[in-house]
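Each value in this text was obtained by applying a stated rule to the coordinates, not by laboratory testing. Here the structure is a predicted model, which is why all the values come from computation and not from measurement. Heads up, the Cβs are rebuilt from the backbone with ideal geometry, glycines too, and the neighbour counts pull from every protein chain shown.
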Amino acid sequence: GGIDDRGASATHGSPKSMDSDSHGMAMSHDITTDIAKLSPFVIATAHAAEALAADDLNAYIESLPALHEAWGDYVEQTPDAPGGPLDELVNQLTDGPTIKDARDAFEPFSTAVADLTKQAGLHESGAVHIFQCPMSPVLGKGRWVQIGDQLRNPFFGSGMLSCGSPIK
């Protein structure tokens with residue numbers, strides 16, 4: 001069960017091995033390929049975060065189909081993704097009924113996406129930026145990705161729009 005440069009070990013892992021999904025993915029595949037696969041999903045996640053930062057539940061709801069489609073495309077290309085922690089979190093995203101409900105479901109998902117983005121080095125290109133809120137309502141320290149470099153907190157929106165700091 002070693003790792004080769006073609007990702008042949010993908011059939012070796014079981015859906016129960018969450019550590020390999022969350023920690024080994026970027027290490028077991030060609031990083032350039034991972035960034036190309038991951039980028040549309042991360043961008044879709046950033047659009048969802050922007051809608052929540054703008055307190056716009058309708059825009060967030062409208063962003064979800066594209067986010068789910070981008071996740072589906074990523075899963076098809078990434079053997080480690082199905083059944084992993086992120087797969088569960090993407091399926092827990094909700095369109096409300098309130099913006100607080102949507103934000104509470106988005107926070108753990110967003111944090112996992114931000115961590116995957118950092119692990120893959122996607123933020124190093126400057127295409128996306130990663131931020132952390134030190135007092136997010138669900139996790140205590142939630143992270144998100146966004147396209148612009150002006151901090152816009154999706155977990156609180158206008159209530160605490162600038163709460164957080166960049167992650168390098």
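Charge tally for Gly159 (other residues, Cβ to Cβ under 15 Å; Lys, Arg +1; Asp, Glu -1): -1. Computed from the C-beta positions of Met135 and Gln92 and an R0 of 22 Å, the FRET efficiency is 0.50 to the nearest 0.05. Protection proxy ranking of 79-87, 122-130, by the mean of other Cβ atoms within 10 Å over each peptide's residues and highest first, is 79-87, 122-130.
The average projected area of the range 36-165, computed from the convex hull of its Cα atoms over all directions, is 6.9 nm². Other residues lying with their Cβ under 12 Å from the Cβ of Leu57 contribute a combined charge of -3, Lys and Arg counting +1, Asp and Glu -1.
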